[in-house]
1. For the stretch 239-275, how many residues meet the condition of being farther than 30 Å from residue 152 by Cα and not in a helix (DSSP H, G or I)?
2. For residue 145, are the conditions met, namely being under 17 Å from residue 36 (Cα atoms) and at pLDDT 95 or above?
3. Find the strands (runs of 3 or more DSSP E) located wholly in the stretch 166-219 whose residues include 2 or more that are buried (at least 19 other Cβ atoms within 10 Å of the Cβ), without any contact (Cβ under 8 Å) to a residue 60 or more places away in the chain and assigned by TED's automatic domain parsing to the domain that holds residue 51, and list them.
4. Restricting attention to the stretch 37-55, report how many residues are in contact with a strand residue (DSSP E or B) (Cβ under 7 Å, 6 or more places away or on another chain) and in a loop (DSSP other than H, G, I, E, B).
5. Yes or no: residue 69 surrounded by fewer than 22 Cβ atoms within 10 Å (Cβ to Cβ) and either closer than 30 Å to residue 214 by Cα or not assigned by TED's automatic domain parsing to the domain that holds residue 312 (or both)?
6. Within the stretch 99-112, count every residue that is free of Cβ contacts under 8 Å to residues at least 60 places away in the same chain and either surrounded by fewer than 14 Cβ atoms within 10 Å (Cβ to Cβ) or closer than 16 Å to residue 207 by Cβ (or both).
7. Does residue 150 satisfy the criteria of being over 23 Å from residue 11 (Cβ atoms), modelled with pLDDT of 95 or more and assigned by TED's automatic domain parsing to the domain that holds residue 210?
8. Is there a residue being assigned by TED's automatic domain parsing to the domain that holds residue 121 and either within 23 Å of residue 175 (Cα to Cα) or in a strand (DSSP E or B) (or both) anywhere in the stretch 80-93?
């Protein structure tokens, strides 16, 4: 893919009160309406937004991110009327999920109307649609008066940004504006559910867990690609490398009681080979090992805290002189399924069992 010419001024506007800063929101919406790109906060990660009904505007997203053109985009909406304007059919499963979780960190895969460009969908007859639970995001979409296509606001393959500062680092000169709404709440992308399949299928795990979905739908399944099978990528993150830190990450998985010993052995091995090792680990492991540098992502088992700072942990070593990272795995239950999905992709499935 051709390199992007980085010569645009990127404005950052801090949004502390949507009602009092309506003019700033309208200015950002004007950029969207004119075919430009605006990064904005959601409850999951920051999005890189453009007119979701314009193939030309969406092409700018792919260019800014260096994103493969067959990787679908998600359309963000502000209300049900906007959903009805782009979805050809809202299935029974989708209606249940909308009632239970929207607005919120969930994306529904539905058949789309012709108004949605195939450039947005990666050539598919389906599209991902979500209603973010974030005042800034919904105000921007409403002011623009159109669905906003928005993948995560990072260079393709890198960890997603959960702060405006992280967006600026990747997107400076590539986009017109960043709306700074503060740190994101959840820290990992939305759960994606294919509502067109006979059994609703999770294409990407997120904050809306399998257990929560099963309670509403009765039956739900994981897409085969999440366990290594082949499938057509209907959603972002299913086909290409994602979330990768600057240097290679190896994940340690196993019993928490054995984790410190596993880390100590791995550190000794890699340092003996001449590597400079950084750690991403729990407070408990950090206190035992006293290794520098270490990013503490929370207490062992505190999945909410781990998820919220996961991408910041991966980005924190960008300017640290290490050439290898060791990361601590966690449970794959509940929200842990989403955390481990991101860690496996970030590590390229390099793991050490302890």
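1. 5
2. Yes, satisfied.
3. Because the criterion is at least 2 residues that are buried (at least 19 other Cβ atoms within 10 Å of the Cβ), without any contact (Cβ under 8 Å) to a residue 60 or more places away in the chain and assigned by TED's automatic domain parsing to the domain that holds residue 51, the strands (runs of 3 or more DSSP E) in the stretch 166-219 that meet it are 201-204.
4. 5
5. Taking the combined requirement at face value, the residue satisfies it.
6. 3
7. Criteria not met by residue 150.
8. Yes, there is a match, as at least one residue in the stretch 80-93 is assigned by TED's automatic domain parsing to the domain that holds residue 121 and either within 23 Å of residue 175 (Cα to Cα) or in a strand (DSSP E or B) (or both).
The values are calculated or read from the model by the stated rules, or taken from the named source; none is laboratory data. The shown structure was predicted, so the numbers you read here are calculated from the model rather than taken from an experiment. In this analysis, Cβ positions are derived from the backbone assuming ideal geometry, glycine residues included, and neighbour counts consider all displayed protein chains.
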